[in-house]
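Here, each number is a calculation from the coordinates, and none is a lab measurement. Remember, predicted model here, so these are calculated numbers, not experimental data. Glycine also receives a Cβ, built like all others from the backbone with ideal geometry; neighbour counts cover every protein chain displayed.
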Amino acid sequence: RGSDGDFGFRDYMRRYDPKNPNHEVCVKAGIPEGWDRNQQDEDALNLILKPLTEHKSPALGFQVTARWNGARASRLTLPHGLVHTPVFMPVGTQGTIKGLTSEQIQNCGCRLILSNTYHLGNRPGGEVVEKMGGIHTFMNWKGNLLTDSGGFQMVSLLKLAKITEQGVLFQSPVNGSEMLLTPEKSMEIQNQIGADIMMALDDVCPSTCGDIKRFEEATHRTLRWIDRCIKAHKKPHIQNLYGIVQGGLDAKLREFCLDEMIKRDLPGYAIGGLAGGEDKALFWRVVKQCCDRLPQHKPRYLMGVGYTLDLVVCSALGCDQFDCVYPARTARFGTAMTREGQLKLRKKKYKGDTRLLDTSTAVGRKFTRGYLHELATREATGSQLLTMHNIEFLQNFMKDLRSSIRNGTFPNFVREYMREEFPSGDYPNWAVEALRA
Amino acid sequence: REVTIMASEGGEGRAVRTRVVRGIETPASMVYCRRGLPVNITPDLFKHLPGMKSLHQPIGELFAMNVLSNPCETLKTACGLQNKVVYCTIWDPIRMVTGPTNDNKVSFDTSKGRIQVIPEEFMKKLDTLGVDMVALMSDAVDVSHSKGRVRKAVTRTVAWAKKCCEIRASQDVKKSQSMSKDIKDHVIPASLLGVVEGGTIFEQRKFCAEALSKLDGLDGFVIGGLNTGETSQDRADIIRLVCSILPKSKPIIATGISDPFSILDAVGLGVDLFESGYSYRLTQAGQAAAFELSPRVVGSKRIPTKISLWDPKYKFDKSAIIPGCKCYTCRTYTKGYIHHLLSTHEMLAQVSLQLHNIYRVGEFFREIRSAIAHHRFNEFSKWFRKHHC
């Protein structure tokens, strides 16, 4: 093991057999390298790049292979395979990305997707998922999975949630049943689900809330809860627990939270409490502060960021993982993401449009805008096609971003992207400032 | 347009036979489509449904859709259905789309409102679409209509069929097609199918069938208005009567038959193709086709033909819907997972059930064809009835 220079190259990952900690077991990871047409060349390229930094946790390996200022292109090795970062993770809340089969998700280029603890804990329930063999077996997804702790529901279901020191008392929007989500309970459900990365339960205060006292309370409580989470986490050898840095938009609170989180020495960290509609000028400064302070050799996950502009800027600032419901959700509303921008396909101007949707994705090369205009929002097939297109589009986009960091052409990539996205030159100020920093 | 007879076995009235109708081997079932594609099935999933060769697309919505934006496109190229056979009807097996008709027009409800069509417009639209088979304009009646109404419907149907055949015969079809030259040569004009209407009134059915058999321009027939409230005995009698009158050289399509026992009866009476949205109905109810086709597997049990995955007993079920089934769903997902998808109202439930149901129904028909080819259809039919409930 000491001479193992190819940690993460092959589709085997060593992990500890829980019955015999001295015995190393080679376990075949889920998706072997090169299976998806999008990333075959990335996998091959990664075989020859030497890492700049190296980090190993029992269930995670992270190697930065290229840098451009703050941006990094890295290898993230998880129990179910290798993931190239910066990576975009589509969200499959209830154990499925709406309407797509596992094979379709694979073909879109995803190796790491997200699922939601609160929803899965309600339906079907943590013990059901566990009995069915864990989430990977349950939904037959061979790649990696990350579960959100349920913290975000504190924001999205605020009216139905009551936050106390003990935990969050939720009232289900579906059937009114109550669930007390404590850090221990969140860890228990996430252990039962069996995702490769778990998020700690944090006290999330929406960044648009103006009450500084609430932010302070939330930050301190998050730190008390992270300790409870670490204690309650039963499978650190196959599941990674990420801590979430809170603190609102206040630099001092953030710094305090950062310092404390780093002391806990977790496999990876997330930057939470943003992406809630706050002022972008403050948003990027907080992201930069966190990225500068968090350890360079560990992965950073910026939660809830999904627009391509945000992805570009935050990758430049040093984030590695992103997630958002946006691409799948907007597909169901009939919007396709393309190089020409967001196309709202239900608009009359697309009726009879003979142009193909977008030549960069499989779906885009096959169907015309006119036909998708008829299908979008009206038929299930329309929703399926657009979801596949949007997700594949974003995966291709991130792949280009990673290539540009590795090749040293990241600034060109950014400039070209900005020109395409804002053809009239009205670049948002905040983005320009952030990229200059 | 080819209709070659592959094998036949004596049955009652018209012999039970397999044929090749425009490239599809019959007996077969046609999969229900909306706006061009089968419901919940995108073209990249076609490879998981190798037996799905024919699609049933109700024509009403196509009048409202602007699918064909340029003369180089047919419906099939626009939707990616190059190898499939598309069959169009004015009715929809799942929902009510036909509106009130009069002596000159049929009307259907579309997303753009009600559209009324006369025979000339109908034939013109056909030519632009480039589909393979079309059930001509007809006036559908069922058990609830009075004798007078049924008589009127049959008169109209026959008159329209005559008119459409005349229009087709009179025009130089190749010239009138507004497609570009390079595809005109490859596209065979649509086969016209006459619709036998008449509700449960046998004299009217007889009259309609006799009148339509005399029309040379028709390439096949459809028995319309089935499964609209009549008893299964009446249904069998109607099919028997109509099949005995219609010419044996032309294929017959039956509407509305969506349970395996009725299918077996109808095949025994001489029906070639079925369009009823059978798979789709099962999927919408959260049910999966569960019949077995091999005596070896079944033994002496009686098996239900379908199971409802809403049933909470499947919550912890780790087995596939049918353990031996080779469809994508049975290879990939468990009953427990599909039960979860149904309870959380996820679209993947419908997608996976469609993949299974279309495949399984396809397998059923494949077994029927194989049984006919080996002259053991009656045996198969008896065995199936005995072991399924």
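Quick notes
- Cross-link partners of A:K231 among aspartates and glutamates (Cα-Cα below 19 Å; sequence separation of 8 or more within a chain): A:D148, A:E165, A:E184, A:E188, A:D196, A:D202, A:D203, A:E260, A:D265
- For the pair B:R331 and A:I212, a Förster radius of 45 Å applied to the C-beta separation gives a FRET efficiency near 0.20, rounded to the nearest 0.05.
- Beta bridge orientation in the protein assembly as shown: antiparallel %, DSSP, nearest 5: 50 percent
- Chain A: relative contact order in percent, alpha carbon pairs under 8 Å with at least 6 residues between: 14 percent
- Of all DSSP beta bridges in chain A, antiparallel share, percent nearest 5: 60 percent
- Set of lysines with alpha-carbon distance to A:K142 below 23 Å, sequence-local pairs under 8 removed: A:K28, A:K56, A:K98, A:K131, A:K234, A:K235, A:K399, B:K47, B:K315, B:K318, B:K326, B:K335
- Note on B:K112: lysines with a C-alpha under 16 Å away, same-chain residues under 8 apart excluded, are A:K347, A:K348, A:K351.
- Among B:S170, B:G268, B:S343 the positive-end extreme of the charge dipole of chain B (Cβ point charges): B:S343
- For segment B:286-387, relative contact order (Cα pairs under 8 Å, six or more residues apart, normalised by length) works out to 28 percent.
- Sites A:E433 and B:Q82 - FRET efficiency at Förster radius 51 Å, r taken between beta-carbons, to 0.05: 0.45
- Debye, to nearest 20: dipole size of the protein assembly as shown, +1 on Lys, Arg Cβ, -1 on Asp, Glu Cβ: 1120 debye
- Beta bridge orientation in chain B: antiparallel %, DSSP, nearest 5: 45 percent
- Rounded to the nearest 10 degrees, the angle from helix B:260-269 to the longest Cα principal axis of chain B is 50 degrees.
- When only alpha carbons are used to place a centre, segment A:376-437 and segment A:169-223 end up 31 Å from one another.
- Selected from B:V97, B:V267, B:V158 as most flexible by GNM, with chain B as the system and alpha-carbon contacts under 10 Å: B:V97
- Among A:204-215, A:331-342, the order from most to least packed when residues are scored by Cβ within 10 Å on average: A:331-342, A:204-215
- Scalar couplings 3J(HN,Hα) for segment B:165-171, obtained by applying the Karplus form with A = 6.51, B = -1.76, C = 1.60 to θ = phi - 60°, are 4, 4, 4, 5, 5, 6, 8 Hz; x denotes Gly and Pro.
- Here the Karplus curve 6.51 cos²θ - 1.76 cosθ + 1.60, taken at θ = phi - 60°, turns the phi angles of segment A:377-384 into couplings of 6, 9, 10, 4, 4, x, 4, 5 Hz, with x standing for Gly and Pro.
- Think of chain A as a dipole: +1 on every Lys or Arg Cβ, -1 on every Asp or Glu Cβ, centred on the Cα centre; then among A:T222, A:F422, A:I262, A:F422 lies furthest on the positive end.
- Note: relative contact order over chain B, using C-alpha pairs below 8 Å and six or more positions apart, is 18 percent.
- Sequence-distant residues sharing a close amide H with B:R19 (under 5 Å, placed H): B:M6, B:T26
- Peptides B:134-142, B:215-223, A:224-232, B:162-170 ordered by packing proxy, namely the average of other Cβ atoms within 10 Å per residue, highest first: B:134-142, B:215-223, A:224-232, B:162-170.
- Inter-centroid distance (Cα atoms) of segment A:121-167 relative to segment A:232-270, Å: 19 Å
- Computed about the Cα centre, the dipole magnitude for segment B:239-297 is approximately 160 debye when only Lys and Arg (+1) and Asp and Glu (-1) carry charge, each at its Cβ.
- Net charge, B:P323 excluded, C-beta distance under 15 Å - Lys, Arg +1, Asp, Glu -1: +4
- Cα gyration tensor shape of chain A, rounded if a/c is under 1.5, else prolate or oblate by comparing a/b with b/c: rounded
- Dipole moment magnitude, nearest 20 debye, segment A:246-353 about Cα centre, only Lys, Arg, Asp, Glu C-beta charged: 740 debye
- Rounded if a/c under 1.5, otherwise prolate or oblate - segment B:7-283, Cα gyration tensor axes: rounded
- Distance between modelled label sites at A:D400 and A:R339, nm, 7 Å Cα→Cβ extension: 0.6 nm
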